[in-house]
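What follows draws every value from the coordinates through simple rules; no lab data is involved. Just so we're clear, the structure is a prediction, and the values are computed from it rather than from any experiment. As a convention, Cβ positions derive from the backbone with ideal geometry for all residues, glycine included, and neighbour counts pool all protein chains shown.
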Amino acid sequence: MTIFLLKSVLSLLLLLPAAYGMYAMYALFGHAPDADHAVSLKRRHRAAGYVFVLLFLAVSYLCVAFAVAARTEPSPRASLHILLALAILALLMVKVLFLRLFRQFYEQAKTIGTMIGVLSFVLVGISAGYFLAVSRLGQDRTMDRSAGYALRGPFLAVTQVGRPVSEAVRTDRRSIERGQSLFASRCSACHDPHSTRVIVGPGLEGLLRKPKLPASGHPATAESIRFQLKQPLGRMPSFAYLSPEEVEDLIAYLNTL
């Protein structure tokens, strides 16, 4: 199981305590239950909150660990995930403060709880929901950009857990020529193909004959280049819009440097 699939499953589980916590809150404040039932609802709402926080921390750990291991700039969608997660965390802290210390704001805790639940559904929908939909519940590994990462013990380490695209590099003349033309139009402004001198990014001479890529430190393989074109490092823009054919042509040219 790759990191994205594990994170997606845990995110879906996160919705269960979120939904039940909202239900318990609405049942408590909307139906005016008797004293015993009210105590029971409060207890179950608190238990759902604890489970929610534990799952939220587990998913956050996987996200942060993946980002540290990948050492890439977050994509626009990932940046939105981060903002939503930080908003949920901030609202959780405010809600706890209102319930524990600043009881004069107790009524606002209901609104904050609703906001946490709604944001949780949005966050899971655009992250886990999107990934599971486009990957056919994790079966299509070409959609999983974490294909080179997996859990090793309690920590995340770079491994080769899957190869969603063939590792073979094209060597035919036409592919190399198309790749050279693509490099000239998209890459040559930042990378010198005939030396290792730095322009904006490092020079790429002998790129695939070295043990590691110059900036990321990932293994110098075609698979690493495919990954880095989608999840670039530092100031390098994303080339996720390139077609699979264009990527393979570009790698064919890089292999000749």
Residue match in the stretch 69-83 (condition: surrounded by fewer than 16 Cβ atoms within 10 Å (Cβ to Cβ) and acidic (Asp, Glu)): no
Members of the stretch 87-120 found to be among the aliphatic types (A, V, I, L, M) and closer than 19 Å to LEU15 by Cβ, listed by number: ALA87, ILE88, LEU89, LEU91, LEU92, ILE112, MET115, ILE116, VAL118, LEU119
Qualifying positions in the stretch 14-41 - in a helix (DSSP H, G or I) and surrounded by fewer than 13 Cβ atoms within 10 Å (Cβ to Cβ): GLY30, ALA35, ASP36, VAL39
Restricting the stretch 1-48 to residues that are hydroxyl-bearing (Ser, Thr, Tyr) and free of Cβ contacts under 8 Å to residues at least 60 places away in the same chain, the residue that is farthest from PHE131 (Cα to Cα): SER40
Conditions (1) in contact (Cβ under 8 Å) with a residue 60 or more places away in the chain; (2) farther than 28 Å from PRO232 by Cβ; (3) of a type in the set (Gly, Ala, Ser); number of the one not met by ALA65: (2)
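With the requirement that a residue be outside any helix (DSSP H, G or I) and within 21 Å of the chain's Cα centre (by Cα), what does the stretch 228-254 give you?
GLN231, PRO232, LEU233, GLY234, ARG235, MET236, PRO237, SER238, PHE239, ALA240, TYR241, LEU242
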Search result, residues across the stretch 88-109 that are more than 13 Å from SER60 (Cβ to Cβ) and in contact (Cβ under 8 Å) with a residue 24 or more places away in the chain: LEU91
Positions within the stretch 187-227 being part of a helix (DSSP H, G or I) and within 26 Å of the chain's Cα centre (by Cα), in sequence order: ALA222, GLU223, SER224, ILE225, ARG226, PHE227
Count - residues of the stretch 188-229 that are in contact with a helix residue (DSSP H, G or I) (Cβ under 9 Å, 6 or more places away or on another chain) and in contact (Cβ under 8 Å) with a residue 24 or more places away in the chain: 11
